[in-house]
Amino acid sequence: MSRPQAPRGTRDLLPTERTSFLRLEAIARGLTDRYGYQPIETPLFEQAEVFERGVGAVTDVVEKELFRVSAGRGDTERERWALRPEPTAGMVRAYIQHGMQTLPQPVKLTLIGPMFRYDRPQAGRYRQFWQFDVEAFGDTGPAIDAEILDLALRFYAEAGLPGVELRLNSIGDRVCRPGYISELSDYFAAHADALPELERARLTTSPLRLLDSKDAAMQPLIAAAPSITDHLCTECAQHFAALRAHLDAMGVTYRLDPRLVRGLDYYTRTTFEFFPQGREGQQDALGGGGRYDGLIELLGGRPTPGIGFGLGLDRVVLALAAAGVTPPELGIVATVVVGADPADTVTRLRIATQLRAAGLSARAELGQRKLGKQLESASRDGAHLAVICGDEMAAGQVLVRDLQAGTQRPVALGELVREIQRSQAQHRHGDGSR
Ligand code: HAM
């Protein structure tokens, strides 16, 4: 019989990897708390329109990678849904739907969760992946742009990832970008014969995306293409200069990259990506984001500026492993309750339950094995203490054994919780939080 497997491009996060993710999530939560971002959760699927209008119908993310969802069985609502490929559009939908425009601005929200893209799976590119996302609605910047970049870099630093590079660009706004795009189209049209098929098709639908092409034949053309930086209107140029001044004053280092265009259509002005030291390729990007001053209006809200980032947690975990940063230790149960009478699981379970009710980390040996085997398994699991239920029970006592030191002493049952609390506190892992 064939055995079911996790769908291609998805994977189970087994305990070691899940622990790494949880550590990153805790760092993210700590940081967003300090920076004043409030948590939000949006559905894993939305009306497809949210992404078609928000992210853009002519983007890889919508054109090729959207997981469309149907309720099946008649699907009477005739609603077309899609799994979220990214969280920004859904958060904007929620911001408008819940009237958050009437709250004091900026509204600063954060979300950590899985995203879905029907992409060709490869290392660091999955069909279900996790993002740490922050969004600030209602502030035109540029100071908040700098603050958000500092927050992202601080996340990588606290995660222990050295040398993450920030690449920064401004892609203009609705005033200056059309002129630039038309110049760019003319430039590429003049080289139409040299364009690969995909790029030639894109020339009419989204010429900006040609700058992002990975095709080797495109690279010399891209290098000589007109640069957006030379075409910014006065307001965009001032915004970009002020952002850089803020970053310089904060000591944030970055590399200007006038070819950096993002894969989603909603961006205006500030755009950025984060890369591990010395890596360039798209599937290496550890995170990215930017400003989207037209998106809220596009999804039916009042004109409101916004900026945010999404950091790919799967890639951060991979990059940490590649940088030799050791994953955190798995949680260890600090105390194991064992017994001389293999059949007496009632006593062992009762004592372990008392310890756990007092907030201690404990488990009972529930297999009916000999005491020696029970102790062996407790040591193998890395437990620090064993509570041994033996003959002393008749006198209302158990033995508490330090599994590392190999010493043991009798403790009255009424004193057990206090005694284990004291002993666990002495051990590095014995603080009850594991
Ligand atoms: P994005 O650049 O499409 O931006 O994705 C952000 C990050 O998610 C990427 O840099 C990468 O680390 C990770 N990522 C993307 N696709 C995959 C995949 N298939 N497998 C693994 N990791 C992946 C956004 O999603 C925007 N919503 C960011 C943003 C927020 N802009 C403004 N606010």
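The values are calculated or read from the model by the stated rules, or taken from the named source; none is laboratory data. None of these values were measured; they are calculated from a predicted model. In this analysis, Cβ positions are derived from the backbone assuming ideal geometry, glycine residues included, and neighbour counts consider all displayed protein chains.
A few remarks follow.
- A383 of a type outside the set (S, T, N, Q), surrounded by 18 or more Cβ atoms within 10 Å (Cβ to Cβ) and not in a helix (DSSP H, G or I): yes
- Residue in the range 93-103 that is within 16 Å of the ligand (Cβ to nearest atom) and within 25 Å of Y156 (Cβ to Cβ) present: no
- Selection status of R315, closer than 20 Å to P85 by Cα and either touching a residue at least 40 places away in the same chain (Cβ under 8 Å) or part of a strand (DSSP E or B) (or both): yes
- Screening A190, A159 for residues that are of a type outside the set (V, I, T), at pLDDT 90 or above, more than 26 Å from V62 (Cα to Cα) and surrounded by fewer than 19 Cβ atoms within 10 Å (Cβ to Cβ) leaves exactly one candidate, A190.
- Boolean, A94 is small (G, A, S) and closer than 22 Å to G300 by Cα: yes
- For R262, the requirement of being closer than 11 Å to N169 by Cβ, surrounded by fewer than 24 Cβ atoms within 10 Å (Cβ to Cβ) and near the ligand (Cβ under 7 Å from one of its atoms) is met.
- Here is the figure for the range 387-417: residues that are under 23 Å from S377 (Cβ atoms), in a helix (DSSP H, G or I) and at pLDDT 95 or above total 1.
- Residue in the range 348-368 that is buried (at least 18 other Cβ atoms within 10 Å of the Cβ), under 30 Å from D145 (Cβ atoms) and among the acidic types (D, E) present: no
- Every residue from the range 265-309 that is within 9 Å of the ligand (Cβ to nearest atom), part of a loop (DSSP other than H, G, I, E, B) and buried (at least 22 other Cβ atoms within 10 Å of the Cβ): Y266, Y267, L286, Y292
- Output for the range 98-155, where each listed residue is modelled with pLDDT under 95 and either in contact with a Pro (Cβ under 6 Å, 6 or more places away or on another chain) or closer than 22 Å to I296 by Cβ (or both): G141
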